[in-house]
Structures are given as C-alpha cells and as structure tokens.
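So that we are looking at the same thing, I have put the structure below in structure tokens.
The values are calculated or read from the model by the stated rules, or taken from the named source; none is laboratory data. Remember, predicted model here, so these are calculated numbers, not experimental data. Backbone-built Cβ (ideal geometry, glycine too); neighbour counts: all protein chains shown. Only protein heavy atoms, including side chains, enter the accessible area calculation; ligands, DNA and RNA are left aside. Shrake-Rupley method; radii C 1.70, N 1.55, O 1.52, S 1.80 Å.
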Amino acid sequence: MPIGRRRPDHTPQPGHGAGISIGGNNVAPLQNVVGQNISHVHQAAQADGTTDVDSVRALLVAFREDLDRNAAGLQHAEALRAMVGTTDGSLAAPAEGATTLRGIAQALPALVLGTAVQQSGEALAHAISGLLN
C-alpha cells in the first residue's frame, strides 16, 4: 500500500490569476476585459468589417492628441506627424489617395511598436485598412 499525499485533481478556475482574460470573440464590436492594472486601453471595431471616413477622422484626432501628449519620448515623432498630415489630406478624397493611405496603414504599426502611442496608432492603421476594403 503506497503511503504519501494524494494530489487532488485541481483545475484552475477562469478569472483567477495575475493575467488578463479577454472574453468574447474577435469579430464582435465589444469584448470584456478582466485583469489587474489595465489602463489606457483603446479598442475599435466594426461588426461589418468596413469603416467610414468619419470613424477614421475620429481615430486620427485621437492619435494626433496622443502623439502631441507623448512627443517628447517618441523617436519618430516628426515622421508620425507627417503621416497624420498626409492621412488627413488623403481622407478628403480616399479613392485618389488609396495608395498613400495603404502605405500609411502598412508603415504605421511598425513605427508605433513599443511606444506610448502604439494602441492609438494601430487602431488608426486598422481603420484606414478597413476604409480601403
């Protein structure tokens, strides 16, 4: 007869721990976020997969404000400001500026990666891509 401690079959319960749990699916406009120390969380989604010019303009304004607030700590602040200006001008006629907007949507995530403006920059890039689809 073996002597010792029996290990109980213990499965962790969802929602407990130090990590972040994001519920819902990735295509829905809303998700639930549960965790510790969550701040500066921005989320943008369109349920139908398309974006209109007004939504992109709103994200552009938010990104510009975020950029102004954090410019001192950004390595590519001038390039990002130039992209904001180019994007703003291209939104006046998105069909004619599609190539320019597509280039900005592709370049922007790499320029904001690991910075204080990453979330707003990625949201803007995603919205521009949605506008072009």
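Can you pull out the residues in the stretch 102-118 that are open to solvent by 50 Å² or more (accessible area, probe 1.4 Å) and assigned to a loop (DSSP other than H, G, I, E, B)?
Leu113, Gly114, Ala116
Applying the selection to the stretch 69-86, what residues are part of a helix (DSSP H, G or I) and touching a Ser or Thr at 6+ places or on another chain (Cβ under 8 Å)?
Matches in the stretch 69-86: Asn70, Gly73, Thr86.
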